[in-house]
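Right, one structure below, let's go through it.
The values are calculated or read from the model by the stated rules, or taken from the named source; none is laboratory data. Keep in mind the model is a prediction, meaning the values are calculated, not measured. Neighbour counts are summed over all protein chains in view; Cβ atoms, including those assigned to glycine, are modelled from backbone coordinates with ideal geometry.
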Amino acid sequence: MIFLTGATGKIGGETARQLIEKGASLRALVRDESKAADLKAAGVELVVGDIADAETLRTGLSGAQRAFLLLPNGEHQEANEKQFTDLCRELGVKHLVKMSSMEAVAHAETPIPRAHWAVEEYIRGSGLDWTMVKPNFFMQNLMASAALIKEKRMFSLPMGDGTTGMADARDIGAVCAEVLTADGHAGQSYEITGPEVITFHEAAQRFSEVLGEPVKYVPMPMDKFRERMTGVLQPWHLNAVCELFREIAEIGIDHTTDTFKRLIGRDPISLRQFVGDHLALFK
Ligand SMILES: NC(=O)c1ccc[n+]([C@@H]2O[C@H](COP(=O)([O-])OP(=O)(O)OC[C@H]3O[C@@H](n4cnc5c(N)ncnc54)[C@H](OP(=O)(O)O)[C@@H]3O)[C@@H](O)[C@H]2O)c1
């Protein structure tokens, strides 16, 4: 049995969907049962509660051979993920799969990648079998700009001329589902990108090509982004997101990886395909 966290979110939802297709036996931690009706209907056992609640996690992890750890970014992510790791060991879980990020490296300087790296190190020292799934920027992040793209044919983010190798959440979910069910992935860190390194100007070009009308990317000054998101995100989270976006703007990435193709056996979804698959949202 596999215990899932984050199963009502983007990557966890895709992971759960693809695990259900594989016929895996699943239990999921959810905060709001009404958001997990599809999971329940598909036979997933639900445990209702918060990741910070150790007793709820003991119930969820009891009898699980594998666990999937995905939490949204926030001030307590590192502490909650470390507690989750301790409980996996206490409850006899054999293999822990953690959602990390490609920016999480030993010399990471910004809060979110640093927290991921600290948890990775903690897990590596735990004695558990582990796999780190380390994706680049999600294409699905662009859905937050869908209304602007649809109505004004533009979008604006504080990423300057920075580059990403953005990947589709469906592909990342496929990787998670694979490593949670197949053997041979223990002790592996998998950096997952899409098929190309692009700037956000180039991302706008992909939208233009598929939508058949020019779409423009207008870089947003970081101060303006910070001002807009004040009150929307908690202060720790807002600062961490600004620092991460600044890192993308100033450093970005310069390569894609073939990890997805090696693991899943097909090319990763392109941004053109992503836009085409969500035409109603963007057009
Ligand atoms: N966005 C990117 O480009 C990117 C790239 C690389 C790595 N990542 C990493 O991916 C992770 C985020 O993944 P995502 O975008 O799939 O997340 P998401 O869509 O925001 O989903 C978060 C999930 O966690 C659950 N959750 C939130 N707080 C919880 C709590 N206190 N207790 C129990 N469950 C809780 C949510 O449940 P509810 O439905 O109840 O809210 C939801 O199922 C982060 O760790 C981030 O660093 C992101």
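Among the criteria (1) under 20 Å from the mean Cα position of the chain (by Cα); (2) buried (at least 17 other Cβ atoms within 10 Å of the Cβ); (3) under 24 Å from E103 (Cβ atoms); (4) not polar (S, T, N, Q), the one K261 does not fulfil is (2).
Taking the range 88-107 as the range and being more than 15 Å from the ligand (Cβ to nearest atom) and more than 17 Å from E191 (Cβ to Cβ) as the test, the residues that pass are C88, R89, E90, L91, G92, V93, K94, H95. Residues that are surrounded by fewer than 18 Cβ atoms within 10 Å (Cβ to Cβ) and either of a type in the set (A, V, I, L, M) or under 13 Å from T110 (Cβ atoms) (or both) within the range 245-258 comprise R246, E250, I251, listed in sequence order.
How many residues are in a strand (DSSP E or B) and surrounded by fewer than 16 Cβ atoms within 10 Å (Cβ to Cβ) when one looks only at the range 131-155? It would help to see each step written out before you state the result.
Applying the first criterion (in a strand (DSSP E or B)) to the range 131-155 yields 131-135, 138, 154-155.
Subsequent filtering for residues that are surrounded by fewer than 16 Cβ atoms within 10 Å (Cβ to Cβ) retains 154.
The total comes to 1.
The residue list V197, V179 contains one member that is in contact (Cβ under 8 Å) with a residue 60 or more places away in the chain and either buried (at least 17 other Cβ atoms within 10 Å of the Cβ) or on the phi < 0 side of the Ramachandran plot (or both), which is V179. The criterion of being modelled with pLDDT of 95 or more and farther than 24 Å from A115 by Cα holds for A24.
Every listed requirement among (1) in a helix (DSSP H, G or I); (2) within 14 Å of the ligand (Cβ to nearest atom) is met by F3 save one, (1).
Just one of the listed residues (I192, I264) is modelled with pLDDT of 95 or more, touching a Leu at 6+ places or on another chain (Cβ under 9 Å) and more than 17 Å from F155 (Cβ to Cβ), and it is I192.
Scanning the range 172-186 for residues that are out of contact with any strand residue (DSSP E or B) (no Cβ under 7 Å at 6 or more places or on another chain) and not hydrophobic (A, V, I, L, M, F, W, C) turns up G173, E178, T181, D183, G184.
Could you tell me which residue of the range 106-130 is surrounded by the fewest Cβ atoms within 10 Å (Cβ to Cβ), considering only residues that are within 30 Å of K94 (Cβ to Cβ) and of a type in the set (V, I, T)? Among them, the one singled out is I112.
Any residue at all in the range 106-126 that's in contact with a Cys (Cβ under 8 Å, 6 or more places away or on another chain) and modelled with pLDDT of 95 or more? Lay out the reasoning, then the answer.
We begin by selecting, within the range 106-126, every residue in contact with a Cys (Cβ under 8 Å, 6 or more places away or on another chain); these are 126.
After this cut, where a residue has to be modelled with pLDDT of 95 or more as well, the list is 126.
Yes, the range 106-126 has at least one match.
Does G12 qualify as being within 12 Å of the ligand (Cβ to nearest atom), farther than 27 Å from F137 by Cβ and crowded, with 21+ Cβ neighbours inside 10 Å? When the stated conditions are applied, G12 does not pass them. For the range 26-73, residues that are within 13 Å of the ligand (Cβ to nearest atom) and not hydrophobic (A, V, I, L, M, F, W, C) total 13. Kindly evaluate G173 against the criterion of being under 21 Å from R272 (Cα atoms), under 19 Å from the mean Cα position of the chain (by Cα) and outside any helix (DSSP H, G or I). In short, no. Of I269, I253, all but one fail to be within 25 Å of P72 (Cβ to Cβ), touching a strand residue (DSSP E or B) at 6+ places or on another chain (Cβ under 7 Å) and either outside any helix (DSSP H, G or I) or aromatic (F, W, Y) (or both); the exception is I253.
Do the conditions hold for T110, that is, is it within 13 Å of the ligand (Cβ to nearest atom) and touching a strand residue (DSSP E or B) at 6+ places or on another chain (Cβ under 7 Å)? Here the answer is no, as T110 does not meet what is asked.
In the range 15-24, the residue that is farthest from the ligand (Cβ to nearest atom) out of those that are surrounded by fewer than 22 Cβ atoms within 10 Å (Cβ to Cβ) and in a helix (DSSP H, G or I) is E21.
Looking only at residues in the range 215-244 that are closer than 23 Å to G194 by Cα and more than 22 Å from the chain's Cα centre (by Cα), the one that is surrounded by the most Cβ atoms within 10 Å (Cβ to Cβ) is V215.
Restricting attention to the range 77-96, does a residue exist that is of a type in the set (K, R) and touching a Phe, Trp or Tyr at 6+ places or on another chain (Cβ under 6 Å)? Before you say what the answer is, go through the steps one by one.
Start the filter on the range 77-96 by keeping residues that are of a type in the set (K, R), which leaves 82, 89, 94.
Narrowing the set further to residues that are touching a Phe, Trp or Tyr at 6+ places or on another chain (Cβ under 6 Å) leaves 82.
Within the range 77-96, one or more residues are of a type in the set (K, R) and touching a Phe, Trp or Tyr at 6+ places or on another chain (Cβ under 6 Å).
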